[in-house]
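K.L.:
Dumping the structure here so I can ask a few things about it.
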Amino acid sequence: METNQNSSLIAPVKTKDLDLNFAAEIKQKHGVDINRCFHCQTCAGGCPFHLATDYPPNSIIRLVQLGFRKEALESSTIWLCVGCHTCSIQCPMAIDMSAFMDALRQTAIKEGACVAEPDILNFHRDVLHTIKRHGRTHKLEIMLRYKARKWDWFSDILVGTKMFAKRKLHLKPSKVKAIEQIQKTFQPQPDGVVYE
Amino acid sequence: MNKQSAIDVSYFPGCSLASTATENNLSLINLFNRLGINLVELDDWSCCGSSSAHCINSELAFDLATRNISLAPPGRPLAIACPSCLLRLREAQHHMQNDEKARIRYEETWGRPFDPNLKIQHYFELLDKKNLLSFSKDQIQKLKGLKFVTYYGCMLARPPSLPRDTKYHGLMERILSSLGATSLPWAYTSQCCGTFLSVARPDIVTPLVNKIIRGAQDAGADFIITACAMCHMNLEVRPTVKPTVPTLHFTEIFSLALGTDDYKKWFSKHLVDPRPLLKAKCLIN
Ligand code: SF4
Ligand code: SF4
């Protein structure tokens, strides 16, 4: 798989371009302290997606420690991380990588950073959209919305038909009765950001 | 065990078990009935928030998870079958146990007091507490000739905030081996299945699950026994290896070994049909 690793890091770095408070900000706002990381790279070795991401997980930590805000927020790693905890369970410093990646994704959305994996973000939004409507995920609706966005009707058509035939995909969503309670949780955040 | 002595346990099925993995749900309820546990579904439960909520909005993830916690009646444990839903609810509960602001948010949002003693458990924990390995004479031969590998997926990996949560490695092997089946060693028992990347990046997930399927073939397994409905789905849908290895939910094979005849509705739901092999092994008619 292609990587664009470190391309922007090869040029001389001007400290005025760095956000030296980034790590402190992540700790203060999201409660994740990455300054304990000593870059043993255990997480990088164990991450199931390390070949697909542009930076291994500990390099994202490094970028944040050194203040490369834009590079961290625009990396594909933050979107490809599925939060499987394979890395955290092996991390000698017990760093919660999944919570760290959550923090970066949310910061990237808030700041309107360029999203390296827009399909993944769209998928998350489609999932949340069905939760907001029904209180539960409705797989068929998620698939259809996702496909409609991409204008991609043909990939996975076999899988979809098979699942439909096996009644694994339901036409009608299973609905929560007290749907107003669910909708209440989707109120815009105090900072005005609507995520969905 | 007879019905009268059945104990009630609250149950959160989650969206996968309620839709794409009904066979997992039906076989779980069936299994627990046999073991004298009555799973009482939480009334009007909602999605735990899934991976998508915590990825992009932590407050929403907290609210979606805690609504379900607030629905659990006091005095009995809350059992969950989906490892991912379990993590969402456990993390939210842990957050409330350690942060007063989170408790206040919970009580204000849901209008119910926080119960710090509620036990939120994977159903494995309930199994582990029962003395399950004393099966009857005819049961212990039930799965003879069946060779399996277990697939826990990321269920065994917990975030650093929950270091004390039990991991139950070996539980499926112990139980199925006591019923006569042969557990085979392999490398992929706790390899991540790729979860939601299966939708947006199947190009990443396919090689990953192919490796898992090939690993099971190399080990000589008839079936991959899964602990998670999401993993189960990815292992059925995404591999391109032909022929593939059929997967069974742990609840299906366990319930079958205990003598259920309710399986017709379960096995017909699989995208990779396990019936020919189950028939060849004389496990179903
Ligand atoms: S395993 Fe932990 S300490 Fe080691 S590099 Fe990764 S995050 Fe840092
Ligand atoms: S939690 Fe994220 S970074 Fe860590 S192993 Fe899993 S996918 Fe990789």
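The values are calculated or read from the model by the stated rules, or taken from the named source; none is laboratory data. If you're wondering where the values come from, they're calculated on a predicted model, not measured in any experiment. Cβ coordinates were reconstructed from backbone atoms using ideal geometry, including for glycine residues, and neighbour counts include every protein chain displayed. What goes into the accessible areas is simple: the full protein's heavy atoms, side chains included, and nothing from ligands, DNA or RNA. Shrake-Rupley method; radii C 1.70, N 1.55, O 1.52, S 1.80 Å.
K.L.:
Does any residue of region A:66-85 turn out to be within 9 Å of ligand 1 (Cβ to nearest atom) and crowded, with 24+ Cβ neighbours inside 10 Å?
P.N.:
No; the residues of region A:66-85 include none that is within 9 Å of ligand 1 (Cβ to nearest atom) and crowded, with 24+ Cβ neighbours inside 10 Å.
K.L.:
Sticking with this one: Quick one: is B:Asp138 of a type outside the set (A, V, I, L, M, F, W, C) and over 27 Å from B:Ile37 (Cβ atoms)?
P.N.:
Criteria not met by B:Asp138.
K.L.:
Here is a follow-up. Could you please find all residues in region A:71-95 being facing chain B (nearest Cβ under 8 Å), within 16 Å of B:Cys192 (Cα to Cα) and among the hydrophobic types (A, V, I, L, M, F, W, C)?
P.N.:
Across region A:71-95, the qualifying residues are A:Leu80, A:Val82, A:Cys84, A:Ile89.
K.L.:
For region B:170-268, give me every one of the helices (runs of 4 or more DSSP H) that falls completely inside it and has 1 or more residues that are among the charged types (D, E, K, R) and either open to solvent by less than 10 Å² (accessible area, probe 1.4 Å) or within 28 Å of A:Gly45 (Cβ to Cβ) (or both).
P.N.:
B:171-178, B:202-219, B:250-257
K.L.:
Here is a follow-up. Test B:Pro243 against the criterion of being more than 28 Å from B:Ser50 (Cα to Cα) and touching a strand residue (DSSP E or B) at 6+ places or on another chain (Cβ under 7 Å), and give yes or no.
P.N.:
Against the criterion (more than 28 Å from B:Ser50 (Cα to Cα) and touching a strand residue (DSSP E or B) at 6+ places or on another chain (Cβ under 7 Å)), B:Pro243 does not qualify.
K.L.:
What number of residues within region A:89-105 are at positive phi and more than 10 Å from ligand 1 (Cβ to nearest atom)?
P.N.:
Selection size over region A:89-105: 0.
So that you can scan it fast, the table gives a plain yes or no per residue for (1) surrounded by fewer than 22 Cβ atoms within 10 Å (Cβ to Cβ); (2) more than 10 Å from ligand 2 (Cβ to nearest atom); (3) facing another protein chain (nearest Cβ under 9 Å):
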site: A:Leu20; (1), (2), (3): yes, yes, no
site: A:His30; (1), (2), (3): yes, yes, yes
site: A:Phe38; (1), (2), (3): yes, yes, no
site: A:Gln41; (1), (2), (3): yes, yes, no
site: A:Gly46; (1), (2), (3): yes, no, no
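K.L.:
Report whether or not B:Asn57 is crowded, with 23+ Cβ neighbours inside 10 Å, facing chain A (nearest Cβ under 9 Å) and not aliphatic (A, V, I, L, M).
P.N.:
So B:Asn57 passes the test.
K.L.:
When both residues are 6+ apart or on different chains and their Cβ atoms are under 6 Å apart, which pairs have a first residue that lies in region B:17-35 and is at pLDDT 90 or above, and a second that is outside any helix (DSSP H, G or I) and of a type in the set (A, V, I, L, M, F, W, C)?
P.N.:
Between residues of region B:17-35 that are at pLDDT 90 or above and residues that are outside any helix (DSSP H, G or I) and of a type in the set (A, V, I, L, M, F, W, C), the close pairs are B:Leu28/B:Ala81; B:Ile29/B:Leu39; B:Phe32/B:Leu39.
K.L.:
Consider B:Arg164 against the criteria (1) within 14 Å of chain A (Cβ to nearest Cβ); (2) touching a helix residue (DSSP H, G or I) at 6+ places or on another chain (Cβ under 6 Å); (3) over 16 Å from B:Tyr151 (Cβ atoms); (4) part of a loop (DSSP other than H, G, I, E, B): it satisfies all of them except one. Which criterion is unmet?
P.N.:
(2)
K.L.:
Of B:Ala72, B:Ala65, B:Ala18, which residue is of a type in the set (A, V, I, L, M, F, W, C), under 17 Å from B:Glu91 (Cα atoms), within 21 Å of the chain's Cα centre (by Cα) and open to solvent by 10 Å² or more (accessible area, probe 1.4 Å)?
P.N.:
Matching residue, one of B:Ala72, B:Ala65, B:Ala18: B:Ala72.
K.L.:
Where in region A:1-58 are the helices (runs of 4 or more DSSP H), entirely inside, with at least 1 residues that are at pLDDT 95 or above and within 16 Å of ligand 1 (Cβ to nearest atom)?
P.N.:
Correct list: A:22-30, A:42-46.
K.L.:
Then there is this: Please pick out the residue among A:Leu121, A:Leu63 that is closer than 21 Å to B:Glu59 by Cα and either away from ligand 2 (no atom under 14 Å from the Cβ) or more than 10 Å from chain B (Cβ to nearest Cβ) (or both).
P.N.:
A:Leu121
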